[in-house]
């Protein structure tokens with residue numbers, strides 16, 4: 001209802017071309033409401049941006065998705081684009097420009113002031129997924145010989161230009177980071193206290209070339225709203241704030257979910273992506289998985305004689321391979337999630353394997369027992385499986401134990417192996433694991449059948 005009222009009021013003022021009242025009305029709205037208004041009516045984005053103060057326009061622009069940001073920039077005159085880009089925080093500006101084609105970046109860089117251009121080019125010089133790309137140079141740094149009063153006076157004078165004043169950093173004359181303090185530590189002591197008397201030299205810092213995904217784990221473990229970013233010499237280059245980390249974590253989560261589903265990560269919202277591009281993102285994995293599934297037919301052909309002798313075995317093939325694929329998908333998803341949360345790493349492979357062996361045996365035992373009982377029950381009711389029902393039940397039961405055990409081991413170990421090889425663990429997607437287990441599941445099933453039924457049905 002609130003969004004509808006906002007849209008209705010905005011539409012009325014826009015149609016009346018009452019720009020003065022429109023500016024007053026937009027200035028009364030929350031930044032999130034302004035962003036929602038742009039999402040609802042992208043064609044009016046230039047009108048909305050032009051009727052906002054530049055600081056509020058930048059605040060709304062920075063929380064839009066990239067495709068909409070790109071659309072907004074295209075609709076604005078060059079002068080307004082220059083004003084907007086120069087107002088954006090350096091990290092948000094670098095993140096936006098980093099998504100654009102190089103030719104577009106060259107043109108937009110020209111619109112920046114010399115200082116903002118220098119900062120932006122510096123950030124863009126770091127690898128795409130590094131911490132350096134998302135750090136901001138807007139922070140408060142003080143000296144260890146200052147008094148608390150001097151620090152607070154400095155914050156009052158320069159704090160408005162800082163990304164956050166929750167954390168204050170102590171540096172020496174070379175810019176090397178010495179310590180960091182939450183501002184409350186300055187507020188709770190005497191103004192005459194010297195900074196160096198409060199220092200304990202214990203601080204956590206990120207390196208500019210660290211992976212953004214690793215930084216997420218540090219934020220989670222340290223429970224901080226901001227962390228400093230240093231170079232190899234310990235010089236303070238900038239800071240990364242929690243809002244940036246939440247944004248990155250959301251993108252990483254979305255990308256991992258898409259990879260787990262068996263598709264390449266989408267770099268645009270689903271409905272905004274051209275159909276051919278969407279197909280291209282999906283077809284690669286589908287072809288790989290399809291070729292993998294062809295091995296299932298090959299395995300079936302290998303056991304053609306056994307199937308011909310005991311056609312009843314073919315009835316349980318979907319049951320066997322689907323159970324293995326499901327258990328493998330479960331294990332893969334659990335391990336990828338645990339790795340993403342920092343709960344396990346590749347050094348924990350043996351602990352993971354032991355747990356999955358026990359889990360696989362127990363899960364397989366439960367499914368195997370259910371399968372065995374179902375075969376006996378069905379035969380007693382409908383006389384489906386003939387004189388060798390017990391042997392068929394035993395074969396299916398033990399096959400389920402073996403296949404589920406193999407599925408859990410494959411699903412749990414593949415992410416760790418890929419991580420060890422330097423690949424993305426999410427690439428061991430559920431469909432990939434399922435395909436692998438399908439083929440091996442048939443081998444397990446017919447090997448069990450041969451072992452239990454040799455000389456009887458086979």
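The values are calculated or read from the model by the stated rules, or taken from the named source; none is laboratory data. Only a predicted model underlies this, so the values are computations on that prediction, with no experimental measurement involved. Note that each Cβ is placed from the backbone with ideal geometry, even for glycine, and that neighbours are counted across all protein chains shown.
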(request) Quick one: residue 262 ticks every box in (1) on the phi > 0 side of the Ramachandran plot; (2) at pLDDT 65 or above except a single one, so which number is it? (result) (2)
(request) Could you tell me which of the residues 128, 163 is under 15 Å from residue 92 (Cβ atoms), assigned to a loop (DSSP other than H, G, I, E, B) and modelled with pLDDT under 90? (result) 163
(request) Identify all residues within the stretch 88-104 that are surrounded by fewer than 18 Cβ atoms within 10 Å (Cβ to Cβ), touching a residue at least 12 places away in the same chain (Cβ under 8 Å) and assigned to a helix (DSSP H, G or I); write none if there are none. (result) 98
(message) Among the residues that make up the stretch 343-357, is at least one of them modelled with pLDDT of 90 or more, surrounded by fewer than 19 Cβ atoms within 10 Å (Cβ to Cβ) and under 13 Å from residue 327 (Cα atoms)?
(response) yes
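Conditions (1) assigned to a strand (DSSP E or B); (2) modelled with pLDDT under 90; (3) within 37 Å of the chain's Cα centre (by Cα), marked per residue:
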{"residue": "138", "(1), (2), (3)": "no, yes, yes"}
{"residue": "159", "(1), (2), (3)": "no, yes, yes"}
{"residue": "170", "(1), (2), (3)": "yes, no, yes"}
{"residue": "177", "(1), (2), (3)": "yes, no, yes"}
{"residue": "180", "(1), (2), (3)": "yes, no, yes"}
{"residue": "190", "(1), (2), (3)": "no, no, no"}
{"residue": "196", "(1), (2), (3)": "no, no, no"}
(request) Scan the stretch 199-230 for residues that are surrounded by 16 or more Cβ atoms within 10 Å (Cβ to Cβ), free of Cβ contacts under 8 Å to residues at least 60 places away in the same chain and assigned to a loop (DSSP other than H, G, I, E, B) and jot them down. (result) 203, 205, 224
(message) I'd like to check something: does the stretch 18-32 contain any residue that is free of Cβ contacts under 8 Å to residues at least 40 places away in the same chain, within 25 Å of residue 123 (Cβ to Cβ) and within 32 Å of the chain's Cα centre (by Cα)?
(response) yes
